[in-house]
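**Student:** Dropping a structure here in structure tokens format, bear with me for questions.
Taken together, the values in this text are just the output of simple stated rules run on the coordinates, not laboratory data. It should be emphasised that the depicted structure is a prediction, and the values quoted were computed from it without experimental measurement. In this analysis, Cβ positions are derived from the backbone assuming ideal geometry, glycine residues included, and neighbour counts consider all displayed protein chains.
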Amino acid sequence: MFLMQETSKKAKKVRAHHKYNHHLSRKGYARLTTEIMQETGLEEEEIDRAMLWKRARELKIGGFDSDVQVVVDRIVDLVRLVG
């Protein structure tokens with residue numbers, strides 16, 4: 001029991017330092033990819049990492065946390081430049 005408590009404390013400490021938390025719960029990236037494919041009609045190869053990253057960090061009420069919003073804006077700007 002003691003080892004589990006120590007592991008839990010370590011995990012909580014590490015988790016507290018995460019800046020860009022995802023909101024996938026148990027869905028994971030595989031199911032998120034499938035969900036995007038069904039919603040948009042895109043093929044798996046057409047879904048890029050940036051799209052997945054943004055969707056994984058989207059809040060249930062819409063929008064993003066302030067830290068995440070900065071990165072999302074940068075991603076959007078870079079996608080416009082490339083594409």
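**Student:** Is segment 1-23 home to any residue that is free of Cβ contacts under 8 Å to residues at least 40 places away in the same chain, surrounded by 12 or more Cβ atoms within 10 Å (Cβ to Cβ), charged (D, E, K, R) and part of a helix (DSSP H, G or I)?
**Tutor:** no
**Student:** Here is a follow-up. For segment 66-83, give me the residue count where each residue is surrounded by fewer than 16 Cβ atoms within 10 Å (Cβ to Cβ) and closer than 18 Å to H18 by Cβ.
**Tutor:** Going through segment 66-83 one residue at a time, the tally reaches 4.
**Student:** Out of segment 28-57, which residues are hydroxyl-bearing (S, T, Y) and touching a helix residue (DSSP H, G or I) at 6+ places or on another chain (Cβ under 8 Å)?
**Tutor:** The answer is Y29, T33.
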